[in-house]
Structure formats: C-alpha cells, structure tokens
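Peer 1: One structure follows; several queries about it will come next.
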Amino acid sequence: MSILDLDIIKGYIRMCTDGWNQGWHERNGGNLTYRMRPEEVEQCRPYFKATPGQWVNMGVQADNLRGEFFISTGSGKYFRNVPLAPQDNICIVEINEAGDAWRIAWGLEKGGHPTSEFPSHFLNHSVRKEATGGACRVIYHAHPANLIAMTYILPLTAQDFTRALWKSATECPVVFPEGVGVCPWMVPGGADIAMATSELMKTYQAAIWAQHGLFASGPDFDITFGLAHTIEKSAEIYVKVLSMGGGIIRQTITDDDLRAIARDFGVTLNEKFLN
Ligand code: 13P
Ligand code: ZN
C-alpha cells in the first residue's frame, strides 16, 4: 500500500493525464489544486513527511481556508510527468491557522514548491467554497489553444465571450448558465491576478485569462474537467466557423433558442447576456 493507491490521489493524477492528453499543458503550462476532505487528509497522513517543510507566506489570506489541506501540482513541473513520478511533481500542502501560509506535508521529493499560481487558486477556492456552500473543491488552470485564440479577436468582456460560447455548442448554456468571466491580460503568478480572478469567480464557475488560458472550478474532477472541456470544445467550433466562413456566421443559435434550452433543461440563464 502506498499513498498512490488512494482513490483521491489516483483521481487527481488521472485529471492531470486527461489535461495532458488534450494538449492543454505544454511544458509546465497549467496547474491543478484540490481541497481535501478531512477523511482524505487522514488517509494520506501516514505518508506525510516526518518533518513538514517551512511555512511560506502567500501574499493573500482567507479565513475560510484556515487549516485546510490541498493537493497541488508543483511549480515548473510538467503535467506529462505527473503519472510517471507523482511524488516528484505534485504535493500536499497544509494551510496555517492564520490562513496566509502553506507548508509541504507530502511530495515534491526532489524539491520545489506548489504552483506559482497558488495565490490565485487559493483565493478562488475561498470564493468558490463560499459561493457553493462548501461544495467546490477543484480549481484547474489550463492553456487550451482555441479559447486563447478567441482572446485576440473578441472584446474582453464576459458578455462577448459568454454569448460566443453559448452559441457555439448547444450544451454550453446548460453547463455554465451564469456565463464566463474574462480577465484582461495580467502578469501571471501574483496577488494581483489572484484578486482580479477571484472577483470574477464570485459570479462565474470559470474565468478566461486573456492571451493566457482558463480557470475552471467545480465540486469534483469530472465536473471541473468537463466544464473546461465543454468551454474549449465550443471555442474550437467558434474558431473553425470563423475560419471556414471568412469571418461570417450565416446562422447561429438565437437568444430565443437559448431561452428555450434554459426552460427545457431547468436552468436559469444570466439574463444580462441575452438580448
Ligand atoms: P507553474 O509551473 O508555476 O504551475 O506555472 C504554469 C502556468 O501555467 C502559469 O500560469
Ligand atoms: Zn498559465
């Protein structure tokens, strides 16, 4: 028996593999964090380091994440390598009682620290935990090419991106009826982009980082990966349609069609994005 036999670690590694297989994680691109349930922490505890790492301040703070444990990809580590050597590429970190620092409890055996986007993940976990009554556990950052391409041609507003994505695949309004947030281009990895993104995540399950990628959240790996996959698939269709048609869209899903989907599937669409 090893920590790698535990379902929660296997599920986490599988999501890393799925993301790599989609082509969303060139080099060290992207990162994944999971907020552990207390029973999962207890299952993993026998494998923790005898002496945990040093506390490292994050530059951000959250009261509702005091004392929590997260699984995180390592900064500079490749998703491609996670299933080959999980103990060297991912880690479990503990958050201190002040809710402003982490220390490594397991993993990254050859050195390193959690993703450089940990401050963004952390604040997004805080906001999504609050917004979902504690249900949200996964924050996922990926670099899907079609979605990134869209950020070069569409105005960088939630309205423009939500409408384009809702209308490029019929499932989209059912999967993210509140829409998607859009963050302007910002320097990655710090407190500023963390705070800008977490403002958006008060409303949205997913936010787009202009010329960079996607932040998605959810209660488990399947739903979070499914959300990212749905958004990128729709972006791919949008890109193909504009490329094939010389930029002209001859017919699309109308706003009344969107309302009809919402009615039949029992979801409430964010009305501010409908005409
Ligand atoms: P990390 O290797 O630190 O996770 O950074 C990758 C990335 O995508 C930054 O936005
Ligand atoms: Zn990135």
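The values are calculated or read from the model by the stated rules, or taken from the named source; none is laboratory data. From a predicted model like this one, the values you see are computed outputs, not experimental measurements. Cβ coordinates were reconstructed from backbone atoms using ideal geometry, including for glycine residues, and neighbour counts include every protein chain displayed.
Peer 1: Can you name the number of the only condition in (1) under 17 Å from residue 125 (Cα atoms); (2) away from ligand 2 (no atom under 16 Å from the Cβ); (3) without any contact (Cβ under 8 Å) to a residue 60 or more places away in the chain; (4) not β-branched (Val, Ile, Thr) that residue 59 fails?
Peer 2: Every condition holds for residue 59 apart from (3).
Peer 1: What helices (runs of 4 or more DSSP H) completely inside segment 144-186 contain at least 2 residues that are of a type outside the set (A, V, I, L, M, F, W, C)?
Peer 2: Qualifying helices (runs of 4 or more DSSP H): 158-166.
Peer 1: Quick check on my filter: what residues within segment 189-208 are at pLDDT 95 or above, surrounded by fewer than 17 Cβ atoms within 10 Å (Cβ to Cβ) and not in a helix (DSSP H, G or I)?
Peer 2: Within segment 189-208, 202, 203 meet the criteria.
Peer 1: On to the next question. Can you tell me which residue in segment 186-203 is farthest from residue 121 (Cα to Cα), limited to those that are away from ligand 2 (no atom under 12 Å from the Cβ) and not aliphatic (A, V, I, L, M)?
Peer 2: Of everything passing the filter in segment 186-203, 203 is farthest from residue 121 (Cα to Cα).
Peer 1: When you go through (1) farther than 30 Å from residue 211 by Cβ; (2) crowded, with 17+ Cβ neighbours inside 10 Å; (3) within 16 Å of ligand 1 (Cβ to nearest atom); (4) of a type outside the set (D, E, K, R) one by one for residue 111, which number turns out not to apply?
Peer 2: Just one mismatch for residue 111, condition (2).
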